[in-house]
Amino acid sequence: MPRFAVDLNTPAGRDAVGGQPWRVAPGLVPGEPNEGLSARLLAAAPRLADYDDGAWDVCDNVRQSLSEGFTFAWYRIAVTLPEAIDGVNVGGYRVWFETNFDNYGEVWVNGEIDRAYGSIVGLNTPHRVEIAETGEPGTQYVIACLCLNGPLAAPRGGIFLRYATLAFEATDD
């Protein structure tokens, strides 16, 4: 199956899909008291596509470790499918977001999570989440990644994305 990918951790990769930067903010609900950690919270708004992350820090390197003890952070990026990447027309390709969280995470696409594949359980587990079954140039997707470190009762290390890739795979052989 023909495949190509762009590295969303590089300026060239981000430029290929609209040039938007990664944004990052600490907390389950950034800017809220206690970083939004509260009992019986029903939903965290940063997962939503129309959430305003404009005041968040720009993140030039998703591999940079962020953490002190039990830490949550959101990473967000908007990507727009171009007509072509490196001369290959992306229309019709299946589009995947591929990543590896340190330690746990969720991937939300346009405010939705694939409950079977969008949650990453376990330490440093590679993961793929389908962005589009059939890519259509000009379509924008907001990818929101919630990351936290573990183990929860005694966290260690930092939180980061080991990689962040937008992969394109031909849907026919």
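The values are calculated or read from the model by the stated rules, or taken from the named source; none is laboratory data. Remember, predicted model here, so these are calculated numbers, not experimental data. Reconstructed Cβ throughout: ideal geometry from the backbone, glycine too, with neighbour counts over all protein chains shown.
Could you tell me whether any residue of the range 58-74 is touching a Cys at 6+ places or on another chain (Cβ under 9 Å), polar (S, T, N, Q), in contact (Cβ under 8 Å) with a residue 40 or more places away in the chain and on the phi < 0 side of the Ramachandran plot?
Applying the first criterion (touching a Cys at 6+ places or on another chain (Cβ under 9 Å)) to the range 58-74 yields 62, 66, 71-74.
Now narrow it down to the ones that are polar (S, T, N, Q): 71.
Okay, now just the ones that are also in contact (Cβ under 8 Å) with a residue 40 or more places away in the chain, so 71.
Right, trim to on the phi < 0 side of the Ramachandran plot and you get 71.
Within the range 58-74, one or more residues are touching a Cys at 6+ places or on another chain (Cβ under 9 Å), polar (S, T, N, Q), in contact (Cβ under 8 Å) with a residue 40 or more places away in the chain and on the phi < 0 side of the Ramachandran plot.
Within the group Ser38, Ser67, which residue is crowded, with 18+ Cβ neighbours inside 10 Å, among the hydroxyl-bearing types (Ser, Thr, Tyr) and out of contact with any Phe, Trp or Tyr (no Cβ under 6 Å at 6 or more places or on another chain)? Break it down into steps so the answer makes sense when it comes.
Numbers: Ser38 fails: crowded, with 18+ Cβ neighbours inside 10 Å.
Step by step, each of Ser38, Ser67 is checked, and only Ser67 is crowded, with 18+ Cβ neighbours inside 10 Å, among the hydroxyl-bearing types (Ser, Thr, Tyr) and out of contact with any Phe, Trp or Tyr (no Cβ under 6 Å at 6 or more places or on another chain).
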Output for the range 128-173, where each listed residue is at pLDDT below 85, of a type outside the set (S, T, N, Q) and farther than 18 Å from Ser67 by Cα | Asp172, Asp173
Give the range 81-124 a look and list any residue that's within 16 Å of the chain's Cα centre (by Cα), modelled with pLDDT of 90 or more and in a loop (DSSP other than H, G, I, E, B), or say none.
-> Leu81, Asn110, Gly111, Ile113
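State all residues of the range 130-140 that are farther than 25 Å from Pro21 by Cβ and touching a Gly at 6+ places or on another chain (Cβ under 8 Å); if no residue qualifies, say none.
Once the filter is applied, which keeps residues that are farther than 25 Å from Pro21 by Cβ and touching a Gly at 6+ places or on another chain (Cβ under 8 Å), the range 130-140 yields only Thr134.
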If you check Val142, Val109, which single one turns out to be surrounded by 13 or more Cβ atoms within 10 Å (Cβ to Cβ) and either in contact with a Phe, Trp or Tyr (Cβ under 7 Å, 6 or more places away or on another chain) or of a type in the set (Phe, Trp, Tyr) (or both)?
-> Val109
Flagged pairs (Cβ under 7 angstrom, 6 or more apart or on separate chains; first in the range 141-161, within 21 Å of Gln20 (Cβ to Cβ); second polar (S, T, N, Q) and crowded, with 18+ Cβ neighbours inside 10 Å) are Cys145/Thr99; Leu161/Thr99
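Of all residues being of a type in the set (D, E, K, R) and surrounded by fewer than 20 Cβ atoms within 10 Å (Cβ to Cβ) in the range 75-96, which is nearest to Val6 (Cα to Cα)? Just the residue, please.
Asp86
From the list Gly27, Gly31, Gly19, Gly54, exactly one residue is among the small types (Gly, Ala, Ser), at pLDDT 95 or above and out of contact with any Pro (no Cβ under 8 Å at 6 or more places or on another chain). Which is it? I'd like the intermediate steps shown before the answer.
Details: Gly27 fails: at pLDDT 95 or above; Gly31 fails: at pLDDT 95 or above; Gly19 fails: at pLDDT 95 or above.
Testing whether each residue is among the small types (Gly, Ala, Ser), at pLDDT 95 or above and out of contact with any Pro (no Cβ under 8 Å at 6 or more places or on another chain) leaves just Gly54.
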